[in-house]
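Data block below; observations after.
The values are calculated or read from the model by the stated rules, or taken from the named source; none is laboratory data. None of these values were measured; they are calculated from a predicted model. Please note: Cβ atoms are built from the backbone with ideal geometry, for glycine as well, and neighbour counts cover all protein chains shown. When the accessible area is computed, the model is the full protein with side chains, heavy atoms only, and any ligands, DNA or RNA have been set aside. Shrake-Rupley method; radii C 1.70, N 1.55, O 1.52, S 1.80 Å.
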Amino acid sequence: MAKTRLACLLTLLSTHCYFSVLAVVLRTSNDSPWTDEFDRIELSCLIESISTSNPRIEWKKITSEGPSYVYFDKKISGDLENRATIREPATLLITNATRSDTAKYRCEVTAADDQKSFDEIVIDLVVRVKPVVPKCSVPKSVPFGKSAELSCVEEEGFPKSQYQWFKNREEIPDDPKTSLKFFNSSYTLSAETGTLKFIAVRKEDAGEYFCRAKNDAGYAECAPQQMEVYDIDVVGIALGVLVVVVVLLCITVGICCAYKQGYFSSQKQTGNNYKVPAKGDGVDYVRTEDEGDFRHKSSFVI
């Protein structure tokens, strides 16, 4: 009985060894590598077993537009042509990574002499990009008790930037109730969008504000900008409006009085003015040269 079991075990081991030798098997030391922009990165494609002496090795870059060759017929192609090499037997080494290299890469090995003649592995590469200086918008002055919005935008960093706001060089917490200095402030802060919204500003909210955009590759900050908070003089505004109304009323009354006094009459009467009578049917009016008198003569039309 023991001999039978031993024979079966030997048979299984020999069968396993037989198939392992006749199969190409790949593995990788890291299927999700990352690097910072302009650094080097290695995409490992290791051959665990193979019997074919000269296998065909290919690398493909997989994007939303479909796969494209990176290594084919023992040559680097595409946009990695001058920035990558193959480290024997099948590892791809990128010497100067850029943000456009972020993608999935597939290592494919074909071994014609093996019973299992093909294997592949997929590696997901991320090239991190440090944020650039964000564009910050801070209102110069805000009325006391009114709302205000501060914005911060940065679109170059990868992964996508997260945002922090600072007032007078001190970080503003997400929740004002967690800090004694900001406890009485009423605002909302979004680390994803970079927006800081004051519901009702107070005098204590005045100060220098700046924003920081950060990700795993680093951070960048915009220059500090001053925000002032001023009081609204309601009494002064009301008095100013009242003065304007009184002035307009006085002007209107003056114009009416001048019109009644005849200052706006379009025609003045004088002693030398006269009106020429209308010419009647059958009567001709003739003016003499003496004393400006008028006489008429009748004419009959037959």
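Structure notes:
- Accessible area per residue for segment 103-197, computed on protein heavy atoms with a 1.4 Å probe, is 54 Å².
- Virtual spin-label span in nm between GLU170 and VAL241, 7 Å along Cα→Cβ: 3.9
- Area projected by the alpha carbon convex hull of segment 21-128, averaged over all directions, nm²: 6.3
- Segment GLN261-ASP216, extension gain: residue separation times 0.36 nm, minus the distance between their alpha carbons: 7.7 nm
- Computed from the Cβ-Cβ distance with R0 of 30 Å, the FRET efficiency linking ILE251 to LYS146 stands at 0.30.
- Bridging of LYS60 to aspartates and glutamates at a Cα separation below 18 Å is possible for ASP31, GLU42, ASP73, ASP79, GLU81, GLU88, ASP101, GLU108, ASP119, GLU120, ASP124, once same-chain residues fewer than 8 apart are set aside.
- For segment 135-230, the fraction of alpha-carbon pairs lying more than 21 Å apart is 27 percent, rounded to a whole number.
- When each of LYS167/LYS197; LYS135/LYS214; LYS177/LYS197; LYS135/LYS203; LYS130/LYS160 is checked by Cα-Cα distance, pairs over 21 Å: LYS135/LYS203
- Protection proxy ranking, highest mean first, for peptides 120-127, 36-43: 120-127, 36-43, where packing is the per-residue count of other beta-carbon atoms within 10 Å, averaged.
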